[in-house]
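Have a look at the structure below, then the notes.
The values are calculated or read from the model by the stated rules, or taken from the named source; none is laboratory data. Since the model is a prediction, treat every value here as computed from it, not as a measurement. Heads up, the Cβs are rebuilt from the backbone with ideal geometry, glycines too, and the neighbour counts pull from every protein chain shown. For accessibility, only protein heavy atoms count, side chains too; no ligands or nucleic acids. Shrake-Rupley method; radii C 1.70, N 1.55, O 1.52, S 1.80 Å.
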Amino acid sequence: MNLRLPRHPLRRGLLLLLAVAAAIGLQAGCATLDEKQREWIFQPGTRSWGGAAAEGLQDVWIEHRTAGADTPVRLHGLWLPQPTANAPVLLYLHGARWDVRSSANRMRRMHELGFAVLGIDYRGFGQSSPLLPGEAEATEDALAAWRWLAAQHPQSPRYVFGHSLGGAIAVNLAAQVADERGLIVEGSFPSIREVVSTFKWGWLPVGPLITQRFEAGERIGQVGAPVLVVHGSEDRLIRPELGRRLYEQAAEPKRFVLVEGGSHHNTNSLGRAQYRAAMAELFGLKPGAASN
């Protein structure tokens, strides 16, 4: 049978999970199933698109050790500073397959809204350590970057931003730390299981076999800072109702922004004015103005 998979990497990975998890789950060990899911969902590598937008951004290197590891994990990041020392800083967490260079345009738009921006590649992506990431590992990497920002910019309020799969990682991070000033997620979801359920064959009972669960919906209520959830009305990969469901599970203060006509890729661009208004209302931030 010639199975034509969709072009978007996260959808392709999740459909592979849906199609194959039940078959190998009965034949392979749990470790093998988990490893395959990490490969399918993250699709790590050095792939990039639109990388020219990353020109002029500063390279950053962050090393940290994980439990039981003999050598430290080395993360590569891109840094886009603001001219004022006390400007708010944003940790940008990207989604599946493409490395951080592919997110440079989105990082620049957040910079235009007043943030100094650090975008990182998890292990397995870009120039970071060539190790297979998973939910726990990517969250460890995000936490290391968060601590780096705290050490380098102790005077600045810090915010977390995650797009798509990175939104679930951002929720994990924000639920663990107590010094974030705000969480922003765009085009994200409450759990991998709920994303899979929206696909054509989503009724198949593969839920118990999913090891990379990304239960952002269960964790977002633990975030102790204002939460902004943004979604495009025309997002065909992560449907808008999933973003709304994630928002509904967050604690106040929070805001949901639906960008009319926004897809999984262009919502950040189309929704600039809505972003600006929401950040002023929810976080008290205005473009070009340093936060107190």
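Quick rundown of the values:
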| read-out | value |
| --- | --- |
| Subset of the range 113-143 that is in contact with a helix residue (DSSP H, G or I) (Cβ under 8 Å, 6 or more places away or on another chain) and of a type in the set (D, E, K, R) - its residue that is surrounded by the most Cβ atoms within 10 Å (Cβ to Cβ) | Asp121 |
| In the range 184-201, the residues that are open to solvent by less than 10 Å² (accessible area, probe 1.4 Å) and charged (D, E, K, R) | Glu186 |
| Residues that are under 17 Å from Glu135 (Cα atoms) and of a type in the set (S, T, N, Q), drawn from the range 63-100 | Thr66 |
| Boolean, Gly68 is open to solvent by 40 Å² or more (accessible area, probe 1.4 Å), farther than 19 Å from Asp141 by Cα and among the small types (Gly, Ala, Ser) | no |
| Selected residue [surrounded by 21 or more Cβ atoms within 10 Å (Cβ to Cβ) and outside any loop (DSSP other than H, G, I, E, B)] from Leu242, Leu237 | Leu242 |
| Yes/no for Pro44 being part of a loop (DSSP other than H, G, I, E, B), at pLDDT 90 or above and touching a Gly at 6+ places or on another chain (Cβ under 6 Å) | yes |
| Residues that are surrounded by fewer than 21 Cβ atoms within 10 Å (Cβ to Cβ) and touching a strand residue (DSSP E or B) at 6+ places or on another chain (Cβ under 6 Å), drawn from the range 259-277 | Ser263, Leu270, Gln274 |
| Residues of the range 118-158 classified as in a loop (DSSP other than H, G, I, E, B) and in contact (Cβ under 8 Å) with a residue 40 or more places away in the chain, total | 17 |
| Subset of the range 47-91 [at pLDDT below 90 and of a type in the set (A, V, I, L, M)] | Ala52, Ala53, Ala67, Ala69, Ala85 |
